[in-house]
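Student: Following this message is one structure expressed as structure tokens.
Values in this text are rule-based calculations from the coordinates and carry no lab data. Just so you know, these numbers come straight off a predicted model, no measurement behind them. Here the Cβ positions follow ideal geometry from the backbone for every residue, glycine too, while neighbour counts run over all protein chains shown.
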Protein chains: 2
Amino acid sequence: MKKIGYIGLGRMGEAMARNLLRGGFELVVWNRTTSKAKRLLDEGAVWAESPALLAAQVELVCINVTDTPDVEAVLFGPDGVSARQGSSLLVVVDHSTISPEATREFAERLAKSGIEFLDAPVTGGDIGARDGTLSIMVGGDAGVFEHCRHVFEAVGKCITYVGASGTGQLCKACNQIMGALNLLGVCEAMALARKGGLSLDKMLTVTGAGAAGSWALENLGRQIADGDMQPGFMIDLIRKDLAIVQKEAVGLNLPLLGVPMVERLFQAASDMGHGHCGTQALSRVVEATGKFRFSEDADQREA
Amino acid sequence: MKKIGYIGLGRMGEAMARNLLRGGFELVVWNRTTSKAKRLLDEGAVWAESPALLAAQVELVCINVTDTPDVEAVLFGPDGVSARQGSSLLVVVDHSTISPEATREFAERLAKSGIEFLDAPVTGGDIGARDGTLSIMVGGDAGVFEHCRHVFEAVGKCITYVGASGTGQLCKACNQIMGALNLLGVCEAMALARKGGLSLDKMLTVTGAGAAGSWALENLGRQIADGDMQPGFMIDLIRKDLAIVQKEAVGLNLPLLGVPMVERLFQAASDMGHGHCGTQALSRVVEATGKFRFSEDADQREA
């Protein structure tokens, strides 16, 4: 498989598609917003007029879109992948973060047209996508995974087959739970440090070296201290992911407490206008709570 | 200062006192439960009959007890440190994790008898105490800190002066917030993985390498997967620490959400009989919630 179709050229998709080009693959691309394909076309990718026309030309299609309905539209819509002509297409690899349950259903529907489906969500952010150092967690048929391994190796570093269809997405759901709650801890700790007049720099350094250490503390904690709310990963996207987590947990009869709470706080961040900021803007909500509720006392103490 | 007094020979105190002995310091010790001093006395430490009698023999006293009232009793009780005879005592170093507000008050009271007080809580657990690799966050007078640095270097590795009296304890409070919420994320993620039939081993490996990574995931996640509830750090101690955090946050007019929730869950773990287990026994509460609430469905799915 030296020719690959790529659908979804957002921040992550474009960077990953570029690494496929650099890895020597021929690329056929499609994106809902045509203009986002421009740079890749300049670099040698070929445009297809629809997912169906793209899928007719390749054995493997990668998808990298936002949410479950987007994947469904690209696969099963009127000009979708499954409406392709011919029978060259063998595998669809979905790098999006979507519902594990819907993933299993999509896999079954595609199997009926002889197409294998791997769920292969990634972690490592825009930097990982650019540098080809993503972690990829793959669910689906183990043999198909081995068949596609060389494609994953062009875009990621830690590539792990985790089990049957949907388990890649389930693993990503677990990942997002921890990422979100680690960040909440960082935000509450930093709010306490700020209110108590403790140097944020010193707090980050001391605690990062010990049992409180995390990726979130090391990376997002630093950005919060610097007031840098630029997205690596957007508030509105973690909200989407946590909604997926919640739906899956409810479906499995697992009531969670931390997830719905932090989901609600991310929603508050969106309501405050931070939906397109990085997830570290959760700190704005935690700090705002402190100010709104006892504003006079707080102002006095901070003065 | 080659002769040091040590009060409080629990799991942490004994290991840290031993490193002082090995570092060439002479040691006078006192502990509420006499028998716990036995090993150190065999290794060369000298027993004192009370904190006051101990304090009369040294320039520096280290304290390593459980909670705020314990520190207060050792300092200001009838036979407490401040009731010492003579005036050789210059500094008290408190390695316990206690209230930042009470710390400031203790420092003021000791100053009246000419004694300096450093708050110097530690992180790194029983292993760090044994190996002398603790992180120590020190609040109090900067000159006094420099004067005592060689003592800290005998028991810790990352030694940081963080600011005025009480800020060491505030920093430890921040540390405990993150440690607790990181662990909650690990527990909820692992409960979801278990319920959904995802391999815990694979989940821990993939997520640990990325943006969800944390000390808690790497260490406590592994113990949860193995069903190992042995304490590094006990549930009843993190409860005590989170109560300190909450009191400090309320005092600073900072309403938090994550902390009281996770504090309540640790209380549930105690109620279930896990108070003397390691903090990773929080997983028992998260998993129990899933079973109690929809027990029949859950059993069916798990069968």
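Student: Assume the label is 7 Å from Cα along Cα to beta carbon: what separations in nm does B:Lys38 have to the matching positions in the other copies?
Tutor: From this label point to the equivalent ones elsewhere in the assembly: 8.0 nm.
Student: Further question on the same structure: Please list 3J(HN,Hα) in residue order for segment B:69-80, calculated via the Karplus relation 6.51 cos²θ - 1.76 cosθ + 1.60 where θ = phi - 60°; whole Hz, with x for glycine and proline.
Tutor: Residue by residue, segment B:69-80 yields x, 5, 5, 4, 4, 5, 7, 10, x, x, 9, x Hz.
Student: Please compute P(r) over all alpha-carbon pairs of chain A, binned at 20 Å starting from zero, and give each bin as a whole-number percent.
Tutor: Taking every Cα pair in chain A, the percentages come to 32, 52, 16, 1.
Student: Sequence-distant or interchain residues sharing an amide H contact under 5 Å with B:Phe233, placed H: which?
Tutor: Amide H neighbours of B:Phe233, under 5 Å, 5+ apart: B:Thr279.
Student: Another question about this same structure. State, to one decimal in nm and shortest first, how far the label point of A:Gly77 sits from each corresponding label point in the other identical copies (label point: 7 angstrom along Cα-to-Cβ).
Tutor: Copy-to-copy label distances for A:Gly77: 7.3 nm.
Student: Pairing the Cα long axis of helix A:167-195 with the longest principal axis of chain A, what angle in degrees results, from 0 to 90 and rounded to the nearest 10?
Tutor: Roughly 20 degrees between the two axes.
Student: Tell me which A residue has its C-beta closest to the axis rotating A onto B, and the distance in Å?
Tutor: Nearest Cβ to the rotation axis, residue and whole-Å distance: A:Ser214, 2.
Student: OK, next. Would you kindly derive the ³J(HN,Hα) couplings of segment A:51-56 from the backbone phi angles with the Karplus curve 6.51 cos²θ - 1.76 cosθ + 1.60 (θ = phi - 60°), listing them in order in whole Hz, with x for Gly and Pro?
Tutor: Those phi angles translate into x, 5, 5, 4, 5, 6 Hz.
Student: Once both axes come from the Cα atoms, what is the angle between helix A:282-293 and the longest principal axis of chain A, in degrees from 0 to 90, rounded to 10?
Tutor: Once rounded, one gets 30 degrees.
Student: Using amide H atoms built 1.01 Å from N in the peptide plane, name the residues 5+ places from A:Trp47, or on other chains, whose amide H lies under 5 Å from its own.
Tutor: Placed amide hydrogens put A:Val29 under 5 Å from A:Trp47.
Student: Starting from the amide H of A:Ser165, placed 1.01 Å from N in the peptide plane, find each other amide H under 5 Å away whose residue is 5 or more places distant or on another chain.
Tutor: A:Gly140
Student: Taking the label point 7 Å from Cα in the Cβ direction, how far apart in nm is A:Gly227 from each other copy of itself, listed shortest first?
Tutor: Its label point is 5.4 nm from the equivalent points in the other copies.
Student: Another question, if that's okay. Considering all projection directions equally, how large on average is the shadow of the alpha-carbon convex hull of the protein assembly as shown, in square nanometres?
Tutor: The Cα convex hull of the protein assembly as shown, projected and averaged over all directions, gives 29.6 nm².
Student: Another question about this same structure. Roughly how crowded by other chains is peptide A:198-205, in terms of the mean Cβ count from those chains within 10 Å of each of its Cβ atoms?
Tutor: Whole-number average of other-chain Cβ neighbours for A:198-205 is 6.
Student: How well do other chains shield peptide A:137-147, expressed as the mean number of their Cβ atoms within 10 Å of each residue Cβ?
Tutor: 1
Student: May I pose another question? Using only Cα atoms, tell me the angle between helix A:142-155 and the longest principal axis of chain A; keep it within 0 to 90° and round to the nearest 10.
Tutor: Taking the Cα atoms of chain A, the angle to A:142-155 is about 60 degrees.
Student: Give the cross-link partners of B:Lys195 among the lysines, using a straight C-alpha distance below 19 Å as the criterion and excluding same-chain residues fewer than 8 apart.
Tutor: A:Lys172, A:Lys247, B:Lys291
Student: Let me ask another. Mind listing the Cα extents of segment B:170-302 along all three principal axes, in Å, largest one first?
Tutor: Answer, in whole Å and largest first: 47, 34, 27 Å.
Student: Then there's this: Only Lys, Arg, Asp and Glu count, each charged at its Cβ (+1, +1, -1, -1), so figure out the dipole size of chain B about its Cα centre, rounded to 20 debye.
Tutor: It comes to approximately 260 debye.
Student: Separate question: Summing Lys, Arg as +1 and Asp, Glu as -1, what charge do residues with Cβ under 15 Å from the Cβ of B:Ala83 carry, B:Ala83 excluded?
Tutor: That sum, taken over residues with Cβ under 15 Å, equals 0.
Student: Would you calculate a helix-derived [θ] at 222 nm for chain B, using -39,500 (n - 2.57) for each DSSP H run of n ≥ 4 and dividing by the full residue count, to the nearest 500?
Tutor: -16000 deg cm²/dmol
Student: Right, another one. Using a cut-off of 14 Å between beta-carbons, work out the net charge of the residues near A:Cys174 (Lys and Arg +1, Asp and Glu -1, A:Cys174 not included).
Tutor: -1
Student: A further question on this structure: Using only atoms on other chains, find how many Cβ atoms lie within 10 Å of each Cβ of peptide B:239-252 and report the average.
Tutor: 2
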